[in-house]
Amino acid sequence: MNAIMSAWIEWLFPSVKQPALIPVFNRKRLLWVLPALMLVACGSNETPKPAETPAQQDSLAAKFQLDKIKLPPGFSISVYAAVPNARSLAWGANGTLFVGNKDESNVYAVVDTDKNGKADSVYTIAKGLTMPNGVAFRNGSLYIAEMSRIIRLDSIESRLASPPAPVVVYDKYPDKAHHGWKFIAFGPDDKLYVPVGAPCNVCEEKDPVFATITRLNPDGTGMEIFAKGVRNSVGFAWHPDTKELWFTENGRDNMGEDIPEDELNYAPKKDMHFGFPYCHQGTDLDPEFGKGKNCADYTAPVQKLGPHVAALGMRFYTGSMFPAEYRNKIFIAQHGSWNRKIASGYRVMTVSLDGNKAAKFEEFATGWLPGTDDKEAFGRPVDVIVAADGALLISDDKQGAVYRVSYNK
Ligand SMILES: [Ca+2]
Ligand SMILES: [Ca+2]
């Protein structure tokens, strides 16, 4: 790399070896090198990758083993787009689907031009980021959550093929990789909600920002803690009617195969404490940090979601395609366990609410885990989102896919 750099510098600055000291450069060469550099700096000068043709999508459905996925009667699943390491999902105002990465470093934009439920183009709109798991859209801009900062791509939907350089919105989140990936979304108060996971399996940190959900203004000012005692949330949404916050939370490891369970929590106001690291699943004191504590001092989950299931993305169903009973149900993606003897999760669940209580907790989409061993799982649901036509999209970071679940009477 150094050899290439010095050859390039010599070519650009033929009269000198130390361009920083005596910049007698070749102006003609610089003139056409500069635009090329600017394109590189902007992150993309490439043409979009065409999404799959219908025939290729059918072969992808076979490759992704969608015939193994079980859904309630009347529902079917297809491939919306192939997107590497597909994580969090967000819609743009003009129908662009934005998709984040965790184990890879890109952010993608997926466009279904003819609105037939299959993507026509997939654009790479940002590269080389640090765990860009979270995506949220507001006033034409895409907000992206990296490990320790929030960045923004302005007027993004009109320039997917030549995306702008990102603007840094806020860069003071901790640079801890453990639980450092972030789901983000704008609340009804027009603030960006940003969780900060505990940087450990279980610990008590001096910095109060850990194990919280924070929020800040769209311009990056006013960061404050909204919810406390949250080990790690990778999905939340506001109830369509009450506009109150609901979030999933991942329970700690190494306390048992069956405890604690992951949680669905309800946070109607600021400064509530959800128990971590003192009390888990609303009932079980932590063997170490729970000494002298009382579970009654913390807010218990509305619904326990199963042990080690890794409950991630959640959304309320607001479409009209699905039967009426699905209206305002919560869909929850369960990414799946990684260290449980009998694997759990690897599915999409629903929670039906009766007021602010859970009435029913049911399986919706299953089959990504054919047996009982984590290693057999071929897909891992990460996020869910309702499309304009009422279909439910599901991201899967293991297969690198976004699926589309539709309903036909
Ligand atoms: Ca299409
Ligand atoms: Ca809790």
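Going through ALA343, ALA324, ALA333, ALA359 one at a time, which residue ends up being assigned by TED's automatic domain parsing to the domain that holds MET272, buried (at least 24 other Cβ atoms within 10 Å of the Cβ) and out of contact with any Lys or Arg (no Cβ under 8 Å at 6 or more places or on another chain)? Break it down into steps so the answer makes sense when it comes.
Numbers: ALA343 fails: buried (at least 24 other Cβ atoms within 10 Å of the Cβ); ALA324 fails: buried (at least 24 other Cβ atoms within 10 Å of the Cβ); ALA359 fails: buried (at least 24 other Cβ atoms within 10 Å of the Cβ).
Just a single option satisfies the conditions, and that option is ALA333.
Just for strands (runs of 3 or more DSSP E) wholly inside the stretch 113-164: which have at least 1 residues that are within 16 Å of ligand 1 (Cβ to nearest atom)? Can you show your working first?
Working: elements: 121-126, 134-138, 141-145, 150-153.
Because the criterion is at least 1 residues that are within 16 Å of ligand 1 (Cβ to nearest atom), the strands (runs of 3 or more DSSP E) in the stretch 113-164 that meet it are 121-126.
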By residue number, the members of the stretch 170-189 that are without any contact (Cβ under 8 Å) to a residue 40 or more places away in the chain and either part of a strand (DSSP E or B) or more than 22 Å from GLU205 (Cβ to Cβ) (or both) are ASP189
Test: residue in the stretch 304-317 that is more than 27 Å from VAL386 (Cβ to Cβ), charged (D, E, K, R) and out of contact with any Lys or Arg (no Cβ under 6 Å at 6 or more places or on another chain): no
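Restricting to the stretch 86-96, name every residue that is more than 10 Å from VAL402 (Cα to Cα) and out of contact with any helix residue (DSSP H, G or I) (no Cβ under 8 Å at 6 or more places or on another chain).
Our first condition is that a residue be more than 10 Å from VAL402 (Cα to Cα); within the stretch 86-96, this holds for 88, 90-96.
Result: SER88, ALA90, TRP91, GLY95.
Please verify whether VAL382 is touching a Lys or Arg at 6+ places or on another chain (Cβ under 6 Å) and in contact (Cβ under 8 Å) with a residue 12 or more places away in the chain, treating the condition exactly as stated. Outline the logic, then answer.
Values: touching a Lys or Arg at 6+ places or on another chain (Cβ under 6 Å): yes; in contact (Cβ under 8 Å) with a residue 12 or more places away in the chain: yes.
For VAL382, the condition - touching a Lys or Arg at 6+ places or on another chain (Cβ under 6 Å) and in contact (Cβ under 8 Å) with a residue 12 or more places away in the chain - is met.
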Could you look through the stretch 251-306, keep only residues that are of a type in the set (Gly, Ala, Ser) and near ligand 2 (Cβ under 10 Å from one of its atoms), and pick out the one that is surrounded by the fewest Cβ atoms within 10 Å (Cβ to Cβ)? ALA300
Please name all residue pairs, on different chains or six or more residues apart, with Cβ atoms under 6 Å, provided the first residue is in the stretch 200-221 and is at pLDDT 95 or above and the second residue is surrounded by fewer than 20 Cβ atoms within 10 Å (Cβ to Cβ) and aliphatic (A, V, I, L, M). THR212/ILE225; THR214/MET223; THR214/ILE225; LEU216/MET223
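Of all the residues that make up the stretch 190-199, how many are assigned to a loop (DSSP other than H, G, I, E, B) and in contact (Cβ under 8 Å) with a residue 60 or more places away in the chain? Explain how you work it out, then say what you get.
Here is the first cut: in the stretch 190-199, the ones assigned to a loop (DSSP other than H, G, I, E, B) are 190-191, 197-199.
Narrowing the set further to residues that are in contact (Cβ under 8 Å) with a residue 60 or more places away in the chain leaves 198.
Matching residues across the stretch 190-199 total 1.
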Output for the stretch 219-277, where each listed residue is under 20 Å from TYR170 (Cβ atoms) and either in a loop (DSSP other than H, G, I, E, B) or among the small types (Gly, Ala, Ser) (or both): ASP219, GLY220, THR221, GLY222, MET223, ALA227, VAL230, ASN232, SER233, VAL234, LYS270
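The values are calculated or read from the model by the stated rules, or taken from the named source; none is laboratory data. Bear in mind the structure is a predicted one, so any value in this text is a computation, not a measurement. Every residue, glycine among them, receives a Cβ derived from its backbone with ideal geometry; neighbour counts consider all protein chains shown.
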